[in-house]
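K.L.:
Sharing a structure with you now.
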Amino acid sequence: MATSPATALQPAMNPAQELLTVPQVMASLQLGRSAVYDLLRTRQLASITLGRARRIPAHALSDFIRTRLDQEAA
């Protein structure tokens, strides 16, 4: 089975490798921009910087939510 040239150049992204933008995280958590940046600044939510852009790995968002749920349950 041959792949098209465009497909061959794009890395296969699975959900664990998906990178989210700050607005996407804002929508997911239903928080404002400054609240999300506060989470990033305090390293409660992991991110990477690509040039001037901040990206949050989807697994980091899941880990953050899981951690908060565990803290609430304790």
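The values are calculated or read from the model by the stated rules, or taken from the named source; none is laboratory data. Bear in mind the structure is a predicted one, so any value in this text is a computation, not a measurement. Neighbour counts run over all protein chains shown; Cβ positions are idealised from the backbone, glycine included.
K.L.:
Select from region 32-59 the residues that are assigned to a helix (DSSP H, G or I) and over 13 Å from residue 21 (Cβ atoms) and list them in ascending order.
P.N.:
Hits for region 32-59 are 34, 35, 38, 39, 41, 59.
K.L.:
Let me ask something else about it. So residue 61 passes all but one of these: (1) at pLDDT below 95; (2) in contact with a strand residue (DSSP E or B) (Cβ under 7 Å, 6 or more places away or on another chain). Which condition number does it fail?
P.N.:
For residue 61, the failing item is (1).
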